[in-house]
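For reference, the structure is listed below as C-alpha cells.
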There are 2 protein chains.
Amino acid sequence: MRADAKRNYDRIVEVARMAFRERGYDTSLDQIAKDAGVGPGTLYRHFPTRDDLIDAVMKAWVDHVEETTDKALTHEGGPREVLLNWFEEYVRLISVHKGGPAKITGAMGDEASPIRSKCQVLQSAGGRVLDRLREEDAVRDDVTPLEVARLVGGIAAVADQSGLEPAAVRPMLEVVADGLMK
Amino acid sequence: MRADAKRNYDRIVEVARMAFRERGYDTSLDQIAKDAGVGPGTLYRHFPTRDDLIDAVMKAWVDHVEETTDKALTHEGGPREVLLNWFEEYVRLISVHKGGPAKITGAMGDEASPIRSKCQVLQSAGGRVLDRLREEDAVRDDVTPLEVARLVGGIAAVADQSGLEPAAVRPMLEVVADGLMK
DNA sequence: CGACAATACGGAGACTATCTCCGTTTAGCA
DNA sequence: TGCTAAACGGAGATAGTCTCCGTATTGTCG
C-alpha cells in the first residue's frame with residue numbers, strides 16, 4: 001500500500017470512528033470523506049460499502065473485547081454476579097457507536113455479513129464466560145452462546161435506541177441472568 | 001373531510017400497509033404515492049412524516065391487540081405457559097411489518113413519539129397479563145410492564161432483523177419467562 | 001341549476017445522500 | 001530525473017425526501 005493511500009485510509013477510519021460514535025451508523029459517508037479531506041471516490045475505493053468502513057472502524061475494538069472478557073472471567077462473586085458483570089460489559093462493548101447493538105446483533109449468525117468476524121469474536125467471548133460458569137454447574141446448558149448474545153444484544157439495542165441509562169438496563173439483564181441460572 | 005380526500009387517504013393507507021409489510025418501514029414514500037395513484041404532495045399533506053403514515057396503518061391493528069390479549073388471558077395451562085403464550089403472541093403482533101419490533105419497542109416510553117398511543121395499548125395489554133399472573137403469585141413483582149415489553153421487544157427486534165423462525169425465538173422467550181417466574 | 005369559495009390534487013423541482021467514472025496527480029523505483 | 005502504476009477527487013448519474021403553488025374538484029348556496 002502506498003504511503004499516501006495509507007495516510008488517507010487511516011484518516012478516513014479515524015474520522016468515521018468519531019462520526020459513528022456521535023451521529024450513528026447512518027451518517028453521511030460523503031460528509032465523512034469531506035471531513036477527512038478526501039473526495040468521495042477515495043472513500044468508496046477503500047470501503048466499497050458502508051459495512052466495510054464499519055468493519056475497519058471496529059478493528060481496534062476487537063482487542064478490547066478480549067481484554068474485557070479476561071477481566072470478566074476473574075470477576076469476584078458468585079456465578080450470578082459474574083454473569084451479570086459480563087452482560088453489563090457486553091452491553092457497553094457493543095454500544096460504543098450509536099446503532100451498534102442493532103447492527104452487531106443483527107449480523108450475528110449471518111454468514112455473509114462483512115462484520116461477521118467481529119460477531120464471532122463476541123460470541124466466542126461470551127462462550128468462554130458461559131463455559132466457565134457451566135463448569136460450576138451454575139448455568140443451564142440448553143441455551144447456546146448465540147442465543148445468549150441475541151438476548152443481551154436485544155436489550156442493548158432497545159437501550160441504545162431509547163437512550164436508556166445503564167441503571168435502567170440492569171433490571172432487564174437480571175431477568176435474563178436469572179432465566180439462565182440453574 | 002371531502003369525499004375525494006377520504007378516498008385518497010384510504011388508498012394510501014392500504015398501499016402503505018402492503019409496502020411496509022413487504023419492504024419494511026424504510027421503503028420509498030414517493031413510490032407508495034405512485035402505487036396509490038396520487039402525487040407525493042397528496043401523501044405528504046395527509047401524512048407530514050413517515051411516522052404519521054405508520055401510525056395510520058396501525059389503527060386497525062389496535063383492536064387486534066385487545067382481542068389477542070383476551071385470548072391469552074384465558075389460555076389453559078400453568079402460569080409459565082400463559083406467559084410464554086403471551087410472549088409469542090406479542091412477538092407476532094409487533095412483527096406484522098418489517099422493522100416493526102424495533103420501531104415499536106424503540107418508541108416505548110417516548111412521550112413524543114407519534115405512535116405513542118399504540119405502544120401504550122401494547123403496554124397495558126402486557127400489564128393485564130402480568131397482573132393476572134401476579135394474582136396467582138407466580139411472577140416476581142420488581143419488574144415493570146415496560147421492562148417486560150422491552151425484553152420481549154428486544155428479542156422480536158433481533159428475530160425480525162435476522163429473519164429468525166418462531167422456533168428459534170421460542171428458547172429465548174423461555175429464558176425471559178423463567179427469569180420472570182418466582 | 002349554476003356559480004363560487006373552499007378544499008384537495010399532483011407534479012416540478014430544490015435538497016440531500018449514495019456511488020461511479022475517469023481525467024489528473026503523485027509516489028516510489030530504476 | 002523520468003516513467004509508470006497506483007491513488008486521488010470531483011463531476012455527475014441516480015434515487016429518496018419534502019415543498020410550493022398553479023390547477024382541478026367538491027359541495028354548498030343563491
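Rounded to the nearest 500, what is the 222 nm mean residue ellipticity of the protein assembly as shown from helices alone, with -39500 (n - 2.57) per DSSP H run of 4+ residues and division by all residues?
About -24000 deg cm²/dmol.
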Could you compute how much accessible area chains B and A hide from each other, both sides summed, with a 1.4 Å probe? Nearest 100 Å² is fine.
1900 Å²
Could you work out how far the C-alpha centroid of region A:51-113 sits from that of region B:56-105, in angstrom?
31 Å
Could you give the semi-axes, largest first, of the ellipsoid that matches region A:14-77, computed as the square roots of 5 times the alpha carbon gyration tensor eigenvalues and rounded to whole Å?
32, 12, 9
Per residue, how big is the convex hull of region B:50-180 when only Cα atoms are used? Give it in Å³.
95 Å³
If you put a point 7 Å past Cα along the Cβ direction, how far is that point for A:A167 from the same point in each other copy, in nm, smallest first?
4.5
For B:156-163, what's the mean count of beta carbons from other chains sitting within 10 Å of each residue's beta carbon?
6
Ranked highest first by the average count of other Cβ atoms within 10 Å around their residues, in what order do A:163-174, A:86-97, A:50-61, B:98-109 fall?
B:98-109, A:86-97, A:50-61, A:163-174
If you split all Cα-Cα distances of the protein assembly as shown into 20 Å bins from zero, what percentages do you get per bin, shortest first?
27, 53, 19, 1
With the full set of protein chains in place, find how many percent of the accessible area of chain A is carbon and sulfur; take the probe as 1.4 Å.
49 percent
Compute the label-point distances linking B:L73 to its equivalents in the other copies; points lie 7 Å from Cα along Cα→Cβ; give nm, one decimal, shortest first.
5.1
Please name the residues of region B:90-104 whose accessible area, counted over protein heavy atoms with a 1.4 angstrom probe, falls by no less than 20 Å² between the chain alone and the full protein assembly.
B:A102
Counting heavy atoms of the protein chains only and a 1.4 Å probe, report the per residue accessible area for chain B as a whole number of Å².
46 Å²
Which FRET efficiency, nearest 0.05, do B:V96 and A:R2 yield, Cβ-Cβ r, R0 41 Å?
0.20
Taking every pair of alpha-carbon atoms in region B:1-48, what share in percent sits in each 10 Å bin, from 0 to the bin with the longest distance?
30, 58, 12, 0
Once you've got the Cα coordinates, tell me which of B:K34/B:K103; B:K34/B:K71; A:K103/B:K182; A:K34/A:K59; B:K6/B:K103; A:K71/B:K98 are over 31 Å apart.
B:K34/B:K71; A:K103/B:K182; A:K71/B:K98
With all pairs of different alpha carbon atoms counted, what Kirkwood hydrodynamic radius in Å does region A:1-113 show?
15.7 Å
Could you give, in nm with one decimal, how far A:A60 is from each other copy of that position, shortest first, with labels 7 Å out from Cα toward Cβ?
5.2
What is the distance, in nm, between label points placed 7 Å from the Cα along the Cα-to-Cβ direction at B:L73 and at B:S28?
4.6 nm
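The values are calculated or read from the model by the stated rules, or taken from the named source; none is laboratory data. These numbers come from a predicted model, not from an experiment. For neighbour counting, all protein chains shown are included, and Cβ atoms are generated from backbone atoms with ideal geometry for every residue, glycine included. The protein model used for the area step is the full one, side chains on, heavy atoms only, and it has no ligands, DNA or RNA in it. Shrake-Rupley method; radii C 1.70, N 1.55, O 1.52, S 1.80 Å.
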